[in-house]
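**Student:** Take this structure, written in structure tokens, and hold onto it; I'll ask about it next.
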Amino acid sequence: GGLIGALVAGPLQDKIGRKRAMLLIDIIFILSAALTYAYAMGWLGAVDKTGGYIIFWLGRFIVGLACGAATAVVPTYLGEIAPPLIRGAIGTSNQLTICFGVVAVEIVGYKSLLGGTDTWPYLFVGNALPVLQLLTAWSFPESPKWLCQHGRDSDARKALQRLRMTNDVRVDMRMMKGGMAHEQNAFHSPHVSPKMKRRKQNNPNRAGGSGTKNEPLLNDGTGIQQDLEYGVDGNAQYPPINGEQEGGTSINQNPTRVSDDMLSRQSNQGQLGRFGMQLDMWKAVKWATIIAIVLMFMQQFSGINAVFYYSSTILKNAGLSTDLEIWLGSCAISVANFFAVFIAVFSIDRAGRKLLLILSCIIMGTASILVSIAIQLEDKGAFWQDSSIAFLILFVVGFEVGLGAIPWLMMAELAPMQYRGAIVAIATASNWGSNLLVAQFSGILVGSVQFYPFAAVCFASILFTLKYIPETNGKTAAEIQKELTNM
């Protein structure tokens with residue numbers, strides 16, 4: 001369900017918008033809660049009957065659809081509403097709420113609370129909590145970038161005014177429209193698809209106009225439309241806004257010399273990459289997709305879900321025997337996982353994405369080796385049994401430093417706006433697919449060779465990060481795409 005939901009959510013959020021996609025996902029969550037709760041309460045027949053179990057399976061499949069879709073849409077929305085300088089902190093807040101949910105479920109799932117024979121149906125009520133977002137839908141706007149992409153500049157301006165809590169959002173609007181002008185003009189292909197032609201015909205003022213159809217928003221006086229963020233020479237630049245009124249039609253700048261890099265890009269205008277894209281756009285899309293998928297593989301094959309799926313078995317092997325001891329051990333791991341996210345929240349916009357990814361892989365790789373050694377020596381005494389638990393906690397802390405939140409954040413950061421839905425869908429589906437593999441085989445793997453394979457993945461991930469992953473911290477979409485194009 002999660003894999004299918006992720007694949008569907010990408011094009012869906014591009015079509016109906018980020019906000020409406022989230023509200024639709026809320027409804028799906030509520031539907032799944034109703035089905036599973038009704039089954040657990042025996043309202044749909046006896047719990048142990050095959051017919052009732054099919055209803056339960058259907059409810060779990062539906063909640064999987066909702067979870068997969070949410071993991072695609074929410075990071076996209078957060079990345080698009082956040083200012084570049086704090087985009088990392090806002091993006092990692094999503095991981096913070098997920099980890100809080102893991103702690104809450106770990107606590108209430110104990111048999112003396114909601115995990116008992118008579119109380120377990122109430123565990124499914126949590127799937128109905130998205131009703132709170134439905135009831136407060138008025139409190140958050142649609143993504144301004146999505147609105148602007150669809151030619152709804154007035155709505156985009158209002159959304160920005162709500163998000164920035166100021167009426168003067170001229171700079172934000174120009175930055176946003178500039179990034180789209182970069183995709184529509186700097187990456188323009190003379191061989192556009194019929195679909196793109198229809199979109200441009202239906203939205204003649206989209207991302208290239210300022211409110212009139214006759215005069216471009218960004219023109220430097222030399223006849224070359226330039227991207228406000230990207231600049232005519234490929235460097236970020238922010239023109240003055242003195243004297244310009246809201247809704248003005250142009251930005252006055254002195255003519256700027258066209259650099260060799262710009263001339264090179266212009267000379268490639270007629271060259272096509274795959275799928276009818278202009279060559280530069282094809283490079284950006286290709287590398288954004290590859291990096292996003294590999295980041296998801298890095299996250300899942302690092303072994304994090306092997307810890308959570310099989311924590312009870314691991315803790316039993318570490319010498320914890322009673323249900324209470326195992327529950328407390330699992331809660332300790334989840335709580336450490338939650339608090340470790342704050343490291344990323346407060347440092348990601350200072351240290352950057354790459355440094356935290358590398359640090360995360362180093363910690364996890366080292367912890368994987370240490371916990372494997374401790375597991376092998378558990379019969380040597382209590383010291384090694386306690387050490388294995390300590391190393392597992394170190395492992396999950398290392399995960400949340402980087403690999404926990406950053407793949408979801410960078411997935412949306414790297415993707416060009418007009419292809420963002422497709423790239424996000426593919427990357428998120430890759431995450432759920434690899435998660436399925438981990439769930440099926442990590443128990444066998446840990447039981448035979450401990451965590452050594454996960455350590456190998458972590459150290460290989462360091463090499464990939466150093467060589468291929470660009471730093472996106474504080475950069476505009478156009479600057480990120482330029483780096484992808486030059487790879």
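The values are calculated or read from the model by the stated rules, or taken from the named source; none is laboratory data. Fair warning: this is a prediction, and the values are worked out from it, not measured in the lab. Cβ: placed from backbone, ideal geometry, glycine included. Neighbour counts: every protein chain shown. Calculation scope for accessible area: heavy atoms of the full protein, side chains included, ligands and nucleic acids excluded. Shrake-Rupley method; radii C 1.70, N 1.55, O 1.52, S 1.80 Å.
**Student:** Would you be so kind as to identify which of ASN435, GLY352, SER461 lies farthest towards the positive end of the dipole of the range 336-470, taking Lys and Arg as +1 and Asp and Glu as -1 on Cβ and the Cα centre as origin?
**Tutor:** Most positive-ward Cα: GLY352.
**Student:** Assuming 1.002 mPa s and 20 °C, estimate D for the range 272-328 with Stokes-Einstein, Rh taken as the Kirkwood radius over Cα pairs, in µm²/s.
**Tutor:** Working: Rh = 14.7 Å.
Answer from the Stokes-Einstein relation: 146 µm²/s.
**Student:** What is the distance, in nm, between label points placed 7 Å from the Cα along the Cα-to-Cβ direction at ALA422 and at CYS331?
**Tutor:** Between ALA422 and CYS331, the label points sit 4.9 nm apart.
**Student:** Tell me the carbon and sulfur percent of the accessible area for the range 118-167, rounded to whole percent, probe radius 1.4 Å. All intermediate terms of the calculation are to be shown ahead of the outcome.
**Tutor:** Values: 1720 of 2790 Å².
Carbon and sulfur together cover 62 percent of it.
**Student:** Keeping the other protein chains in place, figure out the carbon and sulfur percent of the accessible area of the range 332-449, with a 1.4 Å probe. Before the final figure, lay out each step's value.
**Tutor:** Values: 3090 of 4160 Å².
For the range 332-449, the apolar C and S fraction of the accessible surface comes to 74 percent.
**Student:** Might you report the magnitude of the Cβ-based charge dipole of the range 1-51 about its Cα centre, with Lys and Arg at +1 and Asp and Glu at -1, to the nearest 20 debye? Before the final figure, lay out each step's value.
**Tutor:** Numbers: 5 positive and 3 negative charges, 45 e Å.
Dipole about the Cα centre, nearest 20: 220 debye.
**Student:** For the range 50-142, what is the largest minus smallest coordinate of the Cα atoms on each principal axis, given in angstrom and ordered from greatest to least?
**Tutor:** If we take the Cα atoms of the range 50-142, the spans are 51, 29, 22 Å.
**Student:** On average, how much accessible surface per residue is there in the range 335-381, in Å², for a 1.4 Å probe, leaving out ligands, DNA and RNA?
**Tutor:** Working: 1980 Å² over 47 residues.
Accessible area per residue: 42 Å².
**Student:** Which of the pairs LYS15/LYS286; LYS19/LYS354; LYS19/LYS286 have their Cα atoms more than 25 Å apart in this structure?
**Tutor:** LYS19/LYS354; LYS19/LYS286
**Student:** Taking 0.36 nm per residue of sequence separation and subtracting the Cα-Cα distance, how much length would be gained by fully extending the chain between GLN376 and TRP120, in nm to one decimal? Please list the in-between numbers first.
**Tutor:** On the way: separation 256, 0.36 × 256 = 92.16 nm, distance 3.60 nm.
Extra length from GLN376 to TRP120 when fully extended: 88.6 nm.
**Student:** Which of the peptides 167-176, 320-329, 453-462, 409-418 is most tightly packed, and how do the rest follow, judged by the mean count of other Cβ atoms within 10 Å per residue?
**Tutor:** Top of the packing list down: 409-418, 453-462, 167-176, 320-329.
**Student:** Can you compute the modelled spin-label distance between ASN486 and VAL47, with each label point 7 Å from Cα toward Cβ, in nm?
**Tutor:** Placing both labels 7 Å beyond Cα along the Cβ direction yields 6.2 nm.
**Student:** If the label point is 7 Å along Cα→Cβ of LYS111, which residues in the range 320-342 have backbone nitrogen under 18 Å from it?
**Tutor:** It comes to 320-331, nothing else.
**Student:** Where only protein heavy atoms count, and the probe is 1.4 Å, what is the accessible area per residue for the range 1-136 in Å²?
**Tutor:** On the way: 6570 Å² over 136 residues.
Ligands and nucleic acids excluded, the result is 48 Å² per residue.
**Student:** Each residue of the range 167-174 in turn: what ³J(HN,Hα) in whole Hz from Karplus with 6.51, -1.76, 1.60 and θ = phi - 60°, glycine and Pro shown as x?
**Tutor:** 7, 8, 10, 4, 5, 4, 5, 5
**Student:** Non-local amide H neighbours of GLN278 (under 5 Å, H modeled in plane, Pro and chain starts lacking H): which ones?
**Tutor:** Residues meeting the amide H criterion: SER189, GLY273.
**Student:** As a test of the definition: which semi-axes, in Å, follow for the range 89-144 when you take the square root of five times each eigenvalue of its alpha carbon gyration tensor? Largest first, please. If you can, show how the numbers build up before the last one.
**Tutor:** Numbers: eigenvalues 169, 51, 6 Å².
In descending order, the three semi-axes are 29, 16, 6 Å.
**Student:** Sorted from largest to smallest, which semi-axis lengths in Å does the alpha carbon gyration tensor of the range 342-424 give for its equivalent ellipsoid, taking the root of 5 times each eigenvalue?
**Tutor:** Details: eigenvalues 239, 34, 15 Å².
Over the Cα atoms of the range 342-424, the ellipsoid semi-axes are 35, 13, 9 Å.
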